[in-house]
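The values are calculated or read from the model by the stated rules, or taken from the named source; none is laboratory data. As the structure is a computational prediction, the values presented were derived from the model and not from experiment. Positions of Cβ are backbone-derived with ideal geometry, glycine not excepted, and every protein chain shown enters the neighbour counts.
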Amino acid sequence: MEMLVHGNALLALAAAVLWGGGDFSGGMGVKHAGGSMGAALRVILLSHAMSFSVLLTVALLRGDQFPHGAPLVWGLAAGVAGGTSLTAFYIALSRGAMGASAALSGLLAAAIPAAVSAAIEGSPGLLHISGFLVAGMAIWLIAAGDNAEAEPADTGTFWLAIAGGVGFGVYFVALKLAGTTGVIWPLATARMGSLSVCMLMLLARSVTSKRGGAKVVVTGRVMLWALSTALLDTSGNLLFLAATRAGRLDVAAVLASLYPASTILLAAWMLRERPTRRQGLGMAVAAAAVVMVTL
């Protein structure tokens, strides 16, 4: 059991690293595409379409059986939750209160699977619960770093961040339940769900926007960023799903929710954006949480 929990934690941390890179790539793609909500939806659709193509090819080459019944429903539900939450999250970020939105979403994304796991699998123990609380503190410190240009979150942005966090939490749980029969098809069916819901939202936005809304430019650079997002995000999803199969859902979800640290480190390396002292403290607290959760 100790080895399973340890492997579970390592896989979840690896997923966090890749997810953070995927968020960075996705953000850069949206920025180069015009920075609008339409640009965000197009980048999500591009990256998820690329991901689905690869997953479908791998599943067919392996001869994996297409899921039926509950695993199929959970996979599609995971995709709908993931696509909807990504959209809500991007809208919240576009309104300026990025730190508070990211922190609130990250905390809910970790808390919901932890609660579900405790109900299904029983209490993880006092040390792990303490580690989860410390990890929550780390997520808040990392994601809600000081920003003099940040705008205060209004009521609408607050609820969008909550919707994003709840959606991410539901995605974690649904993906775990979809992955009872395998790894590739659950992710492929999740992509089917996210592509469907994002396409519907993009069509609805095109109909309701005046004069087509802000200009969206899909260049070769945007395509490369979308490809990078697809590669990193899909790899992170595979590792997360493997982590849920190797051990407890709460350990996997809480540790994987530390992904903002990876995004911040990439921004520091590639964009020369120096982390704030608060974010640096959050990374140190995250390290302590990892030790407590993996003991």
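Of the residues making up the stretch 269-284, not a single one is under 30 Å from residue 188 (Cβ atoms), at pLDDT 85 or above and surrounded by fewer than 17 Cβ atoms within 10 Å (Cβ to Cβ).
Checked against (1) polar (S, T, N, Q); (2) modelled with pLDDT of 80 or more; (3) touching a helix residue (DSSP H, G or I) at 6+ places or on another chain (Cβ under 9 Å), residue 57 meets all criteria but (3).
Quick check, is residue 249 surrounded by 22 or more Cβ atoms within 10 Å (Cβ to Cβ) and within 19 Å of residue 129 (Cβ to Cβ)? So residue 249 fits the description; yes.
Is it the case that some residue within the stretch 275-283 is basic (Lys, Arg) and assigned to a helix (DSSP H, G or I)? Yes, the stretch 275-283 has at least one match. All conditions in (1) over 29 Å from residue 114 (Cβ atoms); (2) assigned to a helix (DSSP H, G or I); (3) modelled with pLDDT under 80 hold for residue 228, with the sole exception of (3).
State all residues of the stretch 241-260 that are of a type outside the set (Gly, Ala, Ser) and within 24 Å of residue 284 (Cβ to Cβ); if no residue qualifies, say none. Within the stretch 241-260, 250, 251, 254, 255, 258, 259, 260 qualify.
Residues of the stretch 37-64 that are of a type in the set (Lys, Arg) and more than 18 Å from residue 229 (Cα to Cα): 62 alone.
In the stretch 54-68, the residues that are at negative phi and surrounded by 12 or more Cβ atoms within 10 Å (Cβ to Cβ) form Cβ pairs under 7 Å with partners that are part of a loop (DSSP other than H, G, I, E, B) and β-branched (Val, Ile, Thr), at six or more places apart or across chains, as follows: 67/181. Condition test on residue 233, is it acidic (Asp, Glu), in contact (Cβ under 8 Å) with a residue 60 or more places away in the chain and farther than 21 Å from residue 45 by Cβ? So residue 233 does not fit the description; no.
Return the only residue of 195, 175 being crowded, with 24+ Cβ neighbours inside 10 Å, of a type outside the set (Asp, Glu), touching a helix residue (DSSP H, G or I) at 6+ places or on another chain (Cβ under 8 Å) and modelled with pLDDT of 85 or more. Exactly one of 195, 175 is crowded, with 24+ Cβ neighbours inside 10 Å, of a type outside the set (Asp, Glu), touching a helix residue (DSSP H, G or I) at 6+ places or on another chain (Cβ under 8 Å) and modelled with pLDDT of 85 or more, namely 175.
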